[in-house]
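Working notes for the structure below.
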Amino acid sequence: MFARLLKFRETRPSAPSIPLHHSTAAFLSLRLRRNLTFEESGPVNALQIDPLDARYLLAACADSSVRLYDLEEEARLGRDEEDEAAAVDWLCRPIALLDRGRRGHEYSVTGCQWFPTDNGLFTTSSMDGTVKVWDTNTMEVHIGADSCACVFEIEQHVYDHAISPIAQSHNLIATGTEDQNVRLCDMRTGAFTHSMRGHRAPVLVVKWSPRDEYLLVSGSVDHTVRLWDVRKANACVGSLDQYNSAGSTHVSTEETVTAHTGPVNGLAFTSDGLKLVTTGHDQTPRLWDMPTLHNSLANYGPHIRNKARFALHPVITPLDACSPPLLFHPSDSRQTVVLDLFTGAEVMRLKKHTARVACAALRGGATQDVFSGGYDRQICWWTPEDPDT
Amino acid sequence: MDSPSPSVRLPSRARRPRGPPPPTHCSADNPRIQALLAADSAANAALFPPPPQGPPTATQPASRPLLRKSRSALNSSSSSSPSLTPSPAVHATRLERTKTLLETILHIRDSLPLSIPPLVPVHQLHGALGHATCDDEIAKLEAVRAVRRFKVGNLGEICVMLVCDYEDSIRAVAGAFASGRCSTDGDGGGGGGCSAAVVVRGPDGESPKKKVAVQKVSGRNIGDDVFDRFLTYATNPTTGLFVTKSQLTTSMRATDDEIGELFSYGFLTLKDVDTYWVSVRNAGVFWSGFARGRTEVLQTLKKRKHGEMLKAHLEEKPLRGCAVPVDLVLLDLLGKGSIESLDAPLGTMIRLRKRGTGNLNWT
């Protein structure tokens with residue numbers, strides 16, 4: 001009998017996990033947070049919430065400013081009893097603002113990234129050709145160990161940059177630039193290490209894999225998505241081919257392989273790094289199986305509009321927070337389309353912006369909040385519906 | 001017979017007499033298509049009727065039903081929140097999937113007249129069957145060599161065609177080519193035979209030039225079995241949408257002249273230097289008419305005040321300059337997402353959908 005129970009425990013289909021069920025339900029019931037608005041910022045190009053505390057929000061704006069918000073400000077500063085009764089709207093102001101100028105950036109800031117293991121550092125990249133590393137407490141350019149100011153002068157438009165979230169052995173920033181190379185900047189030395197050649201047109205988006213700390217993926221205007229191993233001399237490991245799916249035996253030649261029929265401007269990995277979503281100007285996001293590089297022919301429908309030549313940052317919910325995982329895809333049609341990752345069905349649309357939605361960000365931790373930033377100078381906070389109200 | 005006076009104007013729909021409908025492709029007569037259907041239904045016996053959620057993926061644990069039930073309860077409570085309550089009178093048309101992919105392809109193919117090649121744009125299949133599993137099923141049929149995908153038109157739209165139809169078109173050309181070859185000793189016979197083949201190709205607008213080129217066939221290095229080799233190569237699922245010259249020379253052992261010959265017959269279209277799309281004869285005739293039909297439908301909808309019309313009204317008049325019937329053009333636009341279909345009390349309505357002009361400028 002004991003053997004039978006043991007066998008039953010080991011062989012039964014995995015039971016639904018209750019926390020997973022609740023967080024999935026929370027994701028599916030997202031709505032705009034009513035009693036809080038962000039102060040009007042510049043047109044937002046990128047948003048990121050720090051992965052450690054899930055408390056600070058960085059917004060990179062197209063008017064050359066970078067804004068830092070504290071999401072727990074409301075809790076920190078407290079509310080009076082009268083305010084609650086009057087239901088006053090809480091205006092969330094940035095706790096720090098990096099304005100346009102010599103100290104900050106001179107042109108549009110295209111990306112902002114928190115340093116993965118420390119809240120005290122963040123990096124920004126801009127169209128003025130620089131990638132700067134900042135100290136959060138002083139909001140000055142970070143001075144490195146041997147007092148090298150961490151400004152990487154690339155002298156080309158930088159469309160996107162990325163730091164590996166799991167890197168132990170390197171501190172590289174990968175940048176996607178106008179001149180077709182993916183350049184790697186080393187934060188330890190303050191110098192460039194090497195650039196990876198292979199693309200034939202400006203690189204719009206770069207992402208590191210959350211599974212391998214040496215694997216880098218970049219998408220470019222020449223319709224291709226390339227995979228790079230930063231340790232190798234001939235760094236290009238592969239290129240995604242839209243005609244190569246699991247059942248097909250189609251073979252494309254090296255020069256003609258394309259991932260999309262238009263410039264690629266968005267990449268997103270699932271949290272285990274096994275699937276990749278790429279999206280481009282042909283307005284069809286594609287889901288790729290990472291180890292085999294096959295196009296799993298998931299069809300996301302015609303709901304997305306994507307025509308801007310900037311990096312778009314779609315996000316996928318972490319696999320341990322939402323099952324089946326959802327893809328939050330910002331679209332030029334002033335809404336964020338939420339799609340089921342594997343089946344491609346449209347789950348809901350988050351509509352609030354009055355201009356193009358440029359980025360979406362998930363707040364990690366135990367919450368299921370989603371932030372979206374648009375070119376109407378607004379950041380919207382989407383939070384699960386409170387079951388009491 | 002006296003025409004009605006201007007004060008008594010009959011509506012235009014009733015005035016024009018309808019001739020007999022033009023002959024269309026008929027799949028019931030084709031024994032190979034029937035064999036395909038039989039094989040396909042045998043393969044799909046387990047899957048048909050298709051499950052409403054689509055094929056289960058490995059990531060969904062077997063105890064899904066428990067989660068699904070409670071989540072739908074939560075969904076209904078959240079959808080009753082004041083953000084979006086669709087009125088029950090007008091709602092989006094639900095897609096009822098009653099046929100398999102192959103049956104849908106055959107149904108669409110049957111409505112196409114004989115003057116154009118039986119190409120089925122993939123968006124029509126998306127509109128008819130929904131977006132979810134369509135691409136997967138097309139890939140499966142391709143692997144079995146039942147259909148083939150072609151890129152048609154300059155916008156890069158993909159169309160699907162049955163492999164037996166493609167074989168028929170290649171064999172027709174091969175037959176004419178061979179008969180032209182056999183009867184030629186000098187230029188006269190060759191010109192006569194080949195010009196007959198050229199005329200069969202239809203009003204592509206390139207026949208005069210091609211006549212001159214084709215008449216020199218006797219001097220060129222073209223094997224007799226070039227079309228058979230091309231047939232086996234093109235219907236092979238590994239070939240893909242486009243081929244490079246090196247692939248043609250290695251896999252098909254085609255010489256430059258043979259590639260030129262295939263190009264002149266319309267089986268290869270230029271993509272890049274030394275790269276060709278594998279294509280269908282008279283695909284230009286199909287595509288130009290289809291594009292014209294699309295723009296006509298969209299403009300008819302734009303002229304209306306709210307960009308919507310009853311589907312019955314749209315389907316009454318045949319399209320000018322387009323051989324493809326209206327309901328197929330509507331299916332294609334539905335699959336693309338340019339229009340949406342709603343069920344209203346008056347009937348099915350078609351509404352133009354703006355996907356958003358995307359305000360890229362910041363104020």
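The figures follow:
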{"read-out": "Candidate set from segment B:126-141 (those that are within 11 Å of chain A (Cβ to nearest Cβ) and closer than 17 Å to B:Asp327 by Cα); member that is modelled with the lowest pLDDT", "value": "B:Gly130"}
{"read-out": "Matching option when the condition is crowded, with 20+ Cβ neighbours inside 10 Å, part of a loop (DSSP other than H, G, I, E, B) and more than 12 Å from chain B (Cβ to nearest Cβ), among A:Ala321, A:Ala361, A:Ala366, A:Ala298", "value": "A:Ala321"}
{"read-out": "Filter result for the condition that a residue is modelled with pLDDT of 85 or more, surrounded by fewer than 16 Cβ atoms within 10 Å (Cβ to Cβ) and not hydroxyl-bearing (Ser, Thr, Tyr), over A:Glu153, A:Glu140", "value": "A:Glu153"}
{"read-out": "Test: residue in segment A:224-237 that is within 21 Å of the chain's Cα centre (by Cα), under 18 Å from A:Leu312 (Cα atoms), buried (at least 21 other Cβ atoms within 10 Å of the Cβ) and not basic (Lys, Arg)", "value": "yes"}
{"read-out": "Any hit, segment B:150-157, residues being polar (S, T, N, Q) and buried (at least 22 other Cβ atoms within 10 Å of the Cβ)", "value": "no"}
{"read-out": "Residues located in segment A:18-35, provided they are farther than 25 Å from A:Glu74 by Cβ and more than 9 Å from chain B (Cβ to nearest Cβ)", "value": "A:Ile18, A:Pro19"}
{"read-out": "Residue within segment A:223-236 that is hydroxyl-bearing (Ser, Thr, Tyr) and in contact (Cβ under 8 Å) with a residue 40 or more places away in the chain present", "value": "yes"}
{"read-out": "Any chance A:Thr278 is more than 10 Å from chain B (Cβ to nearest Cβ), in a loop (DSSP other than H, G, I, E, B), hydroxyl-bearing (Ser, Thr, Tyr) and under 14 Å from A:Val225 (Cα atoms)", "value": "no"}
{"read-out": "Strands (runs of 3 or more DSSP E) fully within segment B:257-363 counting 2 or more residues that are at pLDDT below 85 and within 14 Å of another protein chain (Cβ to nearest Cβ)", "value": "B:268-272"}
{"read-out": "Residue count, segment A:270-303 (criterion: among the hydroxyl-bearing types (Ser, Thr, Tyr) and closer than 18 Å to A:Val347 by Cβ)", "value": "4"}
{"read-out": "Pairs with Cβ under 8 Å, 6+ apart, first in segment A:156-173 and within 14 Å of A:Ala60 (Cβ to Cβ), second basic (Lys, Arg) and not in a loop (DSSP other than H, G, I, E, B)", "value": "A:Ala162/A:Lys207"}
{"read-out": "Failed item in (1) at pLDDT 85 or above; (2) out of contact with any helix residue (DSSP H, G or I) (no Cβ under 9 Å at 6 or more places or on another chain); (3) part of a loop (DSSP other than H, G, I, E, B), with A:Trp288 passing the rest", "value": "(3)"}
{"read-out": "A:Ser23 touching a helix residue (DSSP H, G or I) at 6+ places or on another chain (Cβ under 6 Å), surrounded by 20 or more Cβ atoms within 10 Å (Cβ to Cβ) and modelled with pLDDT of 85 or more", "value": "no"}
{"read-out": "Test: residue in segment B:155-167 that is within 14 Å of another protein chain (Cβ to nearest Cβ) and more than 12 Å from the chain's Cα centre (by Cα)", "value": "yes"}
{"read-out": "A:Asp340, sole failed condition from (1) more than 9 Å from chain B (Cβ to nearest Cβ); (2) closer than 25 Å to A:Asp70 by Cα; (3) of a type in the set (D, E, K, R)", "value": "(2)"}
{"read-out": "Count - residues of segment B:103-125 that are surrounded by 23 or more Cβ atoms within 10 Å (Cβ to Cβ), within 14 Å of another protein chain (Cβ to nearest Cβ) and either of a type in the set (A, V, I, L, M, F, W, C) or within 17 Å of B:Ala234 (Cβ to Cβ) (or both)", "value": "1"}
{"read-out": "Subset of segment A:51-82 (residues that are at pLDDT below 80 and surrounded by 13 or more Cβ atoms within 10 Å (Cβ to Cβ))", "value": "A:Glu73, A:Glu74"}
{"read-out": "Residue count, segment A:336-352 (criterion: within 15 Å of A:Arg31 (Cβ to Cβ) and either part of a loop (DSSP other than H, G, I, E, B) or of a type in the set (Lys, Arg) (or both))", "value": "3"}
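Residue by residue, here is whether (1) hydrophobic (A, V, I, L, M, F, W, C); (2) more than 20 Å from B:Asp110 (Cα to Cα); (3) out of contact with any Ser or Thr (no Cβ under 7 Å at 6 or more places or on another chain) holds:
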{"position": "B:Gly289", "(1), (2), (3)": "no, no, yes"}
{"position": "B:Thr295", "(1), (2), (3)": "no, yes, yes"}
{"position": "B:Glu308", "(1), (2), (3)": "no, yes, yes"}
{"position": "B:Glu315", "(1), (2), (3)": "no, no, yes"}
{"position": "B:Leu333", "(1), (2), (3)": "yes, no, yes"}
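One line per residue, one yes/no per condition, for (1) without any contact (Cβ under 8 Å) to a residue 40 or more places away in the chain; (2) outside any loop (DSSP other than H, G, I, E, B):
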| site | (1), (2) |
| --- | --- |
| A:Arg4 | yes, yes |
| A:His21 | yes, yes |
| A:Arg31 | no, yes |
| A:Glu40 | no, no |
| A:Ala46 | no, yes |
| A:Pro51 | no, no |
| A:Ala54 | no, no |
| A:Ser64 | no, no |
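The values are calculated or read from the model by the stated rules, or taken from the named source; none is laboratory data. This is a predicted model, so every value here is computed, not measured. Quick reminder, even Gly has a Cβ in these numbers, built from the backbone with ideal geometry, and neighbours come from all protein chains shown.
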